[in-house]
Structures are given as structure tokens and as C-alpha cells.
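The values are calculated or read from the model by the stated rules, or taken from the named source; none is laboratory data. Bear in mind that the values here come from a model prediction, so they are computed numbers and not experimental data. Neighbour counts run over all protein chains shown; Cβ positions are idealised from the backbone, glycine included. These area figures cover heavy atoms from the full protein model, side chains too; ligands, DNA and RNA do not enter into them. Shrake-Rupley method; radii C 1.70, N 1.55, O 1.52, S 1.80 Å.
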Amino acid sequence: MSGRILGASLAQLRTTRTSVKWRFFEPDVLPVWVAEMDARPCDAIVDAVSAALLRGDTGYTWAPPFAQAFAGFADERWGWGPEPDHMLVVPDVMIAVSELIHVLTPPGGAVVVSPPVYDSFFGFVESTRRRLVSAPLDENGRLDAQTLEAAFREAGPESVYLLCSPHNPTGTVHRAAELAVLATLADHYGVTVIADEIHAPLTFADATFVPYLSLPEAGAGIALVSASKSWNIAGLKSALAIPGDDARGRLGRLHEVVRHGANHLAVIGQTAAYRRGGDWLDQVNREIAENRALLVDLLATHLPAIRVMPAQATYLAWLDCRELGLGDDPAAVFVQRGRVALSSGLAYDPGAAGFARFNFATSPEVITEAVERMAGTVR
Ligand SMILES: Cc1ncc(COP(=O)(O)O)c(C=O)c1O
């Protein structure tokens with residue numbers, strides 16, 4: 001494969017992108033916020049979706065090929081063999097999270113999350129009118145057994161834990177031992193673990209992603225997967241829900257209508273990604289690694305006061321900007337004074353004053369310009 005995937009110039013991006021990342025802010029703002037890549041698409045996906053449109057294959061979706069494609073990918077990449085027959089196609093990861101919370105917890109029940117964590121976890125828990133219980137990551141961005149246990153005790157039985165694996169925004173790849181402790185605690189306290197593994201294919205080459213359900217202790221959990229983040233097709237929404245061996249009945253509580261929302265063209269695109277998008281994924285992961293090194297270098301040169309959380313996955317950098325003295329929400333200052341849009345750390349953790357998230361799945365040109373603009377705000 002020749003040419004960079006993450007190579008589009010700023011001028012190209014401004015004229016070709018109409019998604020929220022590029023249109024939410026005024027045109028002079030450089031967007032390095034929402035988790036979309038500035039990537040040219042994978043040929044396998046473009047061909048599959050275009051061919052379906054051209055042949056008039058635009059009806060309601062049929063899930064088995066999607067489930068089989070994911071099972072093949074999971075086996076090849078992680079040596080994990082989930083059973084396709086037990087997977088359910090769902091409209092997207094967060095709709096599945098919301099529907100599962102409804103069927104797994106009673107009204108007024110609790111959902112445990114580990115901040116700093118994907119901002120929509122908070123909104124979706126709120127929308128289900130469940131009680132949010134916090135089990136923060138430790139200062140190194142890792143799950144902490146004592147913190148989890150205290151939160152599970154507070155949440156009580158029939159509650160849910162939303163595992164983000166790998167973890168957005170810190171890029172933490174949870175270790176097998178950490179996940180096993182989580183599963184054991186969850187069983188003990190009657191908590192169902194929903195493992196959101198949307199970022200898993202974006203694990204760096206020197207780290208090992210452990211699928212939650214591959215652990216013998218995790219049979220009561222449910223995993224959610226989608227190709228949307230890793231192949232940059234957030235606009236082609238669909239996902240799969242996978243039950244652990246002891247969770248088939250729990251997943252079966254989802255009403256059959258939940259499956260109606262999955263988009264056939266999205267399922268076709270995602271199936272192509274899992275089947276034939278491996279080379280593209282490997283290349284984008286190499287470029288993400290180069291971009292991360294570039295970002296770390298640029299920050300060390302221009303903004304040495306910022307501490308970058310070490311990460312093992314994702315194209316997102318969690319930046320500790322507290323020493324810059326820009327107040328609780330440095331992203332607000334960067335966008336106002338520097339015309340560069342990062343995500344506010346407060347969205348991932350209401351207590352994370354002084355943090356921001358930087359999306360570096362873009363061209364080196366955009367990363368360089370973004371850091372220069374950030375540096376300009378503190379000079
Ligand atoms: C951890 C995590 N889960 C879910 C999503 C969104 O997934 P979906 O669009 O399938 O709801 C994102 C998007 O950034 C994410 O980071």
C-alpha cells in the first residue's frame with residue numbers, strides 16, 4: 001500500500017469534510033477534538049458499500065456474515081474465538097449500552113464508570129436515569145481493585161460496570177490480571193460488566209489487547225465491538241453485542257426490536273473492514289505511532305510543562321496541562337486564544353481540572369500547526 005492514510009493537507013480537509021469535527025467550530029479553528037480520523041478510506045470498505053448501492057442492495061440488514069467476519073478477525077488478531085451464533089447486531093455501541101442498562105438494572109439502579117472516561121458514558125447513564133457511581137482510574141491510568149470494590153459495594157447487586165477497553169481518553173490497555181480481578185469482583189457483588197472494546201484494533205504493536213470475554217473469569221460479561229473507530233467509519237454506524245458463556249440469557253433480555261436499528265450499508269462496510277481491512281489497519285496503526293512520537297516531541301519542545309499520559313492504544317493523547325496555569329479548562333483557552341480545538345478534560349471527568357484530550361489521527365502538518373497554536377496561547 002503506498003501513500004499515507006493520515007496525510008491529507010489542511011486545505012483538502014477543510015474542503016472535503018462535512019462531519020461534526022470539521023464543521024462545529026468556525027473555519028479558522030483547527031479541530032483536534034472529536035474521535036474521528038482524518039483518514040482516507042479503506043478501499044475494501046469503499047468498494048463494498050459502493051457496490052451494494054450500485055446493485056440496489058439497500059434493504060434491512062442480515063447479521064450472520066458480520067458476526068462471522070468479526071469472529072474471524074478476533075481469532076486472527078487476538079486468538080479469541082467468540083461464537084458468531086450468539087452475537088447480536090445492534091445499531092451502535094452506545095445504543096446497546098443504553099438498552100443493556102435498561103434491561104440489566106432496575107429503575108434507580110446504579111452504573112459504575114472509571115473516570116476519566118469516554119464522555120458519552122455520563123450522558124447515556126443520565127439518559128437511563130440510573131445512579132452514576134465513580135471508580136476512578138489511579139494516577140497511572142490503571143484500574144484499581146480497591147476502588148472498584150468500594151464502588152461495587154456502593155452500587156449494590158443488579159448494577160452495571162462500563163469497562164472501556166482500551167480506555168478512552170488515557171489509552172490504557174488493561175492487563176489480563178487487572179481484568180480477571182475486575183471479573184471476580186463483579187461476580188462477587190452482582191455487577192454485570194459491559195466491555196466496550198471499540199478501540200481494541202488500535203492497540204499499539206508493543207502492547208497486547210486482552211478481550212474481556214477471553215478470560216475464564218469473565219463469563220457473565222457482555223462485550224460490544226464495532227469497526228467504526230479503527231477504520232474511521234463512525235458515519236457507518238453498527239456494532240455487535242457478544243455475550244460471555246454465562247451471559248446469553250442476559251443479552252437475550254434485549255428486545256428483538258433493538259436489532260432493527262442496524263444499518264445494512266454500515267454492516268456491509270464493517271464486515272468488509274474485518275474481512276479485508278487488515279493491511280489498512282496495520283498501516284494506520286504505524287502512522288498513529290509516528291504521529292504520537294511527533295506530538296510528544298513537539299510538546300517537549302514547545303510546551304514542556306504539559307505532561308502526556310503514557311498510552312498503549314488509540315489516537316488520543318490525555319494531556320495534563322495543570323502546570324500551564326490556564327485554569328480548570330485549558331481546552332477553552334486554547335480554542336479562544338489559539339483557535340485550536342482540543343476536547344475539554346472536564347467532559348471525561350468532572351474532577352479533571354487542567355486536562356485536555358488531543359486527537360492526533362491527522363496529518364503531521366495539522367499536528368504541528370495545532371501544537372504551535374497551543375504554544376502561542378501561553379507565550
Ligand atoms: C469508548 C467509546 N465507545 C463508544 C463510542 C461511540 O460508539 P458508537 O458510535 O458505536 O456509539 C466511542 C466514540 O468515540 C468511544 O470512544
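Summary of values
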{"read-out": "Placed amide H near T172: partners under 5 Å, 5+ positions off or other chain", "value": "H167, Q312"}
{"read-out": "Given charges at Cβ of Lys, Arg, Asp, Glu: segment 1-157 dipole, positive-most of T16, V46, L88", "value": "T16"}
{"read-out": "Solvent-accessible area, 1.4 Å probe, carbon plus sulfur percent, for the chain", "value": "52 percent"}
{"read-out": "Measure of compaction for the chain (Cα Rg per 2.2 N^0.38 Å)", "value": "0.96"}
{"read-out": "Computed Rg/Rh of segment 256-344, alpha carbon atoms with Kirkwood Rh", "value": "1.15"}
{"read-out": "Nitroxide proxy distance, nm - points 7 Å out along Cα→Cβ at T301 and E154", "value": "4.4 nm"}
{"read-out": "Among 125-133, 180-188, 53-61, the order from most to least packed when residues are scored by Cβ within 10 Å on average", "value": "180-188, 125-133, 53-61"}
{"read-out": "Note, ³J(HN,Hα) from phi for segment 188-196, Karplus 6.51, -1.76, 1.60, rounded to Hz, x at Gly and Pro", "value": "4, 9, x, 9, 8, 8, 9, 9, 7"}
{"read-out": "Overall form of segment 230-379 per C-alpha gyration tensor (a/c, 1.5; a/b vs b/c)", "value": "prolate"}
{"read-out": "Two-site label geometry, R17 and A207: point separation in nm, points 7 Å out along Cα→Cβ", "value": "2.2 nm"}
{"read-out": "Efficiency of FRET between H86 and T58 - r from beta-carbon atoms, R0 30 angstrom, step 0.05", "value": "0.60"}
{"read-out": "D85 accessible area, 1.4 Å probe, all protein chains in place, Å² to nearest 10", "value": "130 Å²"}
{"read-out": "HN-Hα J in Hz across segment 3-19 - Karplus 6.51, -1.76, 1.60, θ = phi - 60°, x for Gly and Pro", "value": "x, 6, 7, 9, x, 5, 6, 4, 4, 4, 5, 4, 8, 9, 9, 10, 7"}
{"read-out": "Within segment 115-237: Cβ-based charge dipole about Cα centre, in debye rounded to nearest 20 (Lys, Arg +1; Asp, Glu -1)", "value": "380 debye"}
{"read-out": "Mean shadow area of segment 194-311 over all directions, Cα convex hull, nm²", "value": "9.6 nm²"}
{"read-out": "In Å², nearest 10: area of D138 left accessible to a 1.4 Å probe", "value": "50 Å²"}
{"read-out": "Segment 1-95 - charge dipole about Cα centre, Lys and Arg +1 at Cβ, Asp and Glu -1, debye rounded to 20", "value": "440 debye"}
{"read-out": "Residue-averaged [θ]222 nm for the chain, counting only DSSP H segments that reach four residues, each worth -39500 (n - 2.57)", "value": "-11500 deg cm²/dmol"}
{"read-out": "HN-Hα J in Hz across segment 296-312 - Karplus 6.51, -1.76, 1.60, θ = phi - 60°, x for Gly and Pro", "value": "4, 5, 5, 5, 4, 6, 9, 9, x, 6, 7, 9, 9, 4, x, 10, 10"}
{"read-out": "For segment 114-248, alpha-carbon Rg relative to the globular expectation (2.2 N^0.38 Å, N residues)", "value": "1.00"}
{"read-out": "Calculated FRET value between R248 and R379, using beta carbons and R₀ = 56 Å, to 0.05", "value": "0.45"}
{"read-out": "Pair-distance profile P(r), taking every C-alpha pair of segment 1-156, with 10 angstrom steps and integer %", "value": "8, 20, 29, 30, 12, 1"}
{"read-out": "In Å², nearest 10: area of K237 left accessible to a 1.4 Å probe", "value": "110 Å²"}
{"read-out": "For the chain, built as a Gaussian network whose Cα springs stay under 10 Å, the top-fluctuating residue of V111, V103, V90", "value": "V103"}
{"read-out": "Dimensions in Å of segment 13-95 - Rg and Dmax from alpha carbons", "value": "17.4, 49"}
{"read-out": "Segment 53-123 - Rg over Rh from alpha carbon coordinates, Kirkwood radius", "value": "1.08"}
{"read-out": "Accessible surface, per residue, of segment 160-214 when the full set of protein chains is kept, probe 1.4 Å, Å²", "value": "26 Å²"}
{"read-out": "Among A35, A293, A11, residue whose mean-square fluctuation peaks in a GNM of the chain (springs only between Cα atoms under 10 Å)", "value": "A11"}
{"read-out": "Potential lengthening between E290 and Q146 on full extension [0.36 nm per residue; Cα-Cα distance subtracted]", "value": "48.2 nm"}
{"read-out": "Accessible heavy-atom area order of H264, H102, highest first, probe of 1.4 Å", "value": "H102, H264"}
